[in-house]
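The values are calculated or read from the model by the stated rules, or taken from the named source; none is laboratory data. Keep in mind the model is a prediction, meaning the values are calculated, not measured. Positions of Cβ are backbone-derived with ideal geometry, glycine not excepted, and every protein chain shown enters the neighbour counts. Calculation scope for accessible area: heavy atoms of the full protein, side chains included, ligands and nucleic acids excluded. Shrake-Rupley method; radii C 1.70, N 1.55, O 1.52, S 1.80 Å.
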Amino acid sequence: MKIIIIGGVAGGMSAATRLRRLDEQAEITVYEKGPYVSFANCGLPFHLSGEIADRDDLIVQTAAKLRQRFNLNVQPNHEVIAIHPVEKTVDVRHAGEILTDHYDRLILAPGSRPIVPDLPGLATADSVFTLHTIPDLDRIMATVNEAPTKRALLVGGGFIGLEVAESLRQRGLAVTIVERAAHLLPPLDEEMAAMVQNELIRNGVHILTKQSVKSFTDDGHVAVLTDGTRIATDLTILAVGVRPASELAKAAGLKLGWHEGIVVDNHYQTSDPNIYAVGDAILVKQQLTGHPTLIPLASPANRQGRQVADNVMGIDHPNRGSLGTAIVRAFGLTAAMTGLSEQQVRQEKLAYQVVHVRGQNHASYFPNGTPMTLKLIFNPKTGQLYGAQGVGAQGIDKRIDVLATAIKCGFTIDDLPELELTYAPPFGSAKDPVNMLGYAAENLALGLSKSIQWHELPAALAAGKRLLDVRNPDELRDDGHFPDSLNIPLDQLRDRLNELDPQQPYVVSCFSGQRSYIAERILRQNGFNVVNLDGAFALYREVRPQALIKG
């Protein structure tokens, strides 16, 4: 069998090497239009800071090594410019010449390409770049290493934008991020993204949200924003997202779908039975909604490459769908997510409830613990897990990985307390934050607790509810407090119930939500109308600090 693969890196090279392991006799050719067939594009931002010191460490495998170990015909700097499905041939351009090659099966792994807005002044801008390939990195490094380069502008505050911002700050550059959405990291919900945004601000990154660049002047050294603000910059990196590199597929008459993603079945077969496709360019099924979506991430692409090779070779290996699990570091914090966000759940009109839990990365009595906040989105009737997000200094990867596994396996809120997770004081807690998410969600589903979210608090207070803060007075003095709130420390609550009005509805809060839940149970069983502020003071402080009274 003659198999041609268009594109290397994650999907293409995973397919090629798996094909060889399955069939030693197959003729396998990989055409890659760039100079590198296997490189770590996720590692590119970390070379900017020098954290990955040697640029060559980003090159995972060379064409020569792949030929030697796997007997693959790997051809870098060979661009496929046309596919002819009827003839089962491709036209390939190399060194100014066009050659034609035949296939029995064709696998498309063209990946994605950065979105470059059509902005006035961009064509003549010599200091505006995207970061998608090693040649992109080389061009940026050449500019960064120039002595006058002191100011950098990041257009886009997503995962790549944040990684680049951190790297450039570590090099000593003044960094500004412009993000069109209302907050950075739009895939995260607002209150979770706020913690990351605050961390960037603490580390000297200037952030402008609800703004976008409308033009460039002075050869790209001045960016003009939609409100007329002018930002002087020595280096600009566009990180506004990617789109499927599906032009070849479209020209060949293959079926495209949402955002011009290549339509494939659950065995990665396109509308042509002899052509398959994997990676950033394809539409995959969002596992929770069943809707087609684009998930341009390395982990799914690697998995898809292996699976498509199996299917080409007659091994039934369907794609079960994807969750879109992702993670990013921003200076001293890590943010991660899996499944659907609260915003997506609302858009899908699903019945849902939310709970936030604040915990420690390991036992609280063990030294050097760090706080984390986890968010769970679930169906209160069925217990189905829709999504989870987490932000903290340490241990976020571990918790979101567990929750991603739970969602993938169809677990419910009742399963989370049953998870037996490793525990010793340096590594975790006897009741891990993941277990605590399950307990808290169960309490809501059973009606043992009723909560309101941070964004619902102003309306609740305007409607006549009174906020009862059960923290100790020194906490209010040191951390700040809610305006017009009543303070009765939890340990005094039973003895001071006579100070509360049974006809007055209350919102109860503490620092993290744990003490306020205990207070809620005390008050409920004494006939009071009360709801718990989910996430409590600690969460509200991250999103609406201006609404609080300091000291």
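Remarks
- Selection of segment 12-27 for residues being touching a Lys or Arg at 6+ places or on another chain (Cβ under 6 Å) and buried (at least 23 other Cβ atoms within 10 Å of the Cβ) yields only S14.
- Criterion: among the aliphatic types (A, V, I, L, M) and out of contact with any strand residue (DSSP E or B) (no Cβ under 9 Å at 6 or more places or on another chain) - qualifying residue of A10, A63, A53, A26: A53
- Residues (surrounded by 20 or more Cβ atoms within 10 Å (Cβ to Cβ) and touching a helix residue (DSSP H, G or I) at 6+ places or on another chain (Cβ under 6 Å)) located in segment 403-432: I413, L416
- Of all residues in segment 240-254, those that are open to solvent by less than 30 Å² (accessible area, probe 1.4 Å) and over 22 Å from V9 (Cα atoms) total 2.
- Exactly one residue among L173, L225, L154, L208 is aliphatic (A, V, I, L, M), crowded, with 23+ Cβ neighbours inside 10 Å and modelled with pLDDT of 95 or more, and that residue is L154.
- Residue, surrounded by the fewest Cβ atoms within 10 Å (Cβ to Cβ), within segment 139-151, restricted to residues that are without any contact (Cβ under 8 Å) to a residue 12 or more places away in the chain and assigned to a helix (DSSP H, G or I): A142
- Of all residues in segment 259-271 being farther than 19 Å from T130 by Cβ and out of contact with any Ser or Thr (no Cβ under 7 Å at 6 or more places or on another chain), the one that is surrounded by the most Cβ atoms within 10 Å (Cβ to Cβ): Y268
- Applying the set (1) part of a loop (DSSP other than H, G, I, E, B); (2) under 30 Å from L323 (Cα atoms) to P300 leaves exactly one unmet item: (1).
- Where A181 falls short, out of the listed (1) open to solvent by less than 50 Å² (accessible area, probe 1.4 Å); (2) touching a residue at least 40 places away in the same chain (Cβ under 8 Å): (2)
- Qualifying position, being hydrophobic (A, V, I, L, M, F, W, C) and over 30 Å from V90 (Cβ atoms), among A245, A194: A194
- Yes/no for I237 being in contact with a strand residue (DSSP E or B) (Cβ under 9 Å, 6 or more places away or on another chain), over 30 Å from K150 (Cβ atoms) and buried (at least 16 other Cβ atoms within 10 Å of the Cβ): no
- When E190 is tested against (1) buried (at least 17 other Cβ atoms within 10 Å of the Cβ); (2) in contact with a strand residue (DSSP E or B) (Cβ under 9 Å, 6 or more places away or on another chain), exactly one condition is not met: (2).
- Restricting segment 8-46 to residues that are of a type in the set (F, W, Y) and farther than 21 Å from L99 by Cα leaves a set whose member that is farthest from the chain's Cα centre (by Cα) is F39.
- One residue stands out in segment 193-205 among those that are closer than 19 Å to Q170 by Cβ and surrounded by 14 or more Cβ atoms within 10 Å (Cβ to Cβ): the one that is nearest to the chain's Cα centre (by Cα), namely V196.
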